[in-house]
Amino acid sequence: MSKIDFTPEAVSSLLNDSEQLSLALLMLFEQKLDCVTSKAVFVPLLEKLNNDLQEIQLLNRLQNQD
């Protein structure tokens with residue numbers, strides 16, 4: 001995981017990225033891609049979405065410790 005940026009702008013950016021990735025995944029799902037193409041397209045996007053959500057969750061935990 002990369003170094004966490006604690007600024008409100010960084011959190012907002014992560015949330016926006018997550019929303020855009022979710023929307024992209026939904027749109028791609030509707031394309032009815034073959035299995036090989038689906039895996040090649042979905043896995044990197046899901047990994048990025050997961051990383052963004054983990055960073056948001058970590059930041060949320062750290063903020064709640066104060």
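The values are calculated or read from the model by the stated rules, or taken from the named source; none is laboratory data. Treat the numbers as computed from the prediction; the structure is a model and nothing was measured. Quick reminder, even Gly has a Cβ in these numbers, built from the backbone with ideal geometry, and neighbours come from all protein chains shown. These area figures cover heavy atoms from the full protein model, side chains too; ligands, DNA and RNA do not enter into them. Shrake-Rupley method; radii C 1.70, N 1.55, O 1.52, S 1.80 Å.
The table for this structure:
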read-out	value
Residue-normalised accessible area of the chain, given per residue in Å² at a 1.4 Å probe	78 Å²
Within the accessible area of the chain (1.4 Å probe), percent carbon and sulfur	59 percent
Gain in span if fully extended, GLU30 to GLN57, counting 0.36 nm per residue against the direct Cα distance	6.8 nm
With at most 12 neighbouring Cβ atoms within 10 Å, loop trypsin sites (Lys or Arg not before Pro) (DSSP) excluded, longest segment of the chain	33-66
Dipole of the chain, positive direction: furthest Cα of ILE56, LEU21, PHE42, with charges on the beta-carbon	PHE42
The chain pair-distance distribution - Cα-Cα, 10 Å bins, rounded %	20, 44, 23, 12, 2
Under the Karplus curve 6.51 cos²θ - 1.76 cosθ + 1.60, θ = phi - 60°, whole-Hz ³J(HN,Hα) for region 26-42, x wherever Gly or Pro sits	4, 5, 5, 4, 6, 6, 6, 6, 5, 4, 5, 5, 4, 5, 5, 8, 6
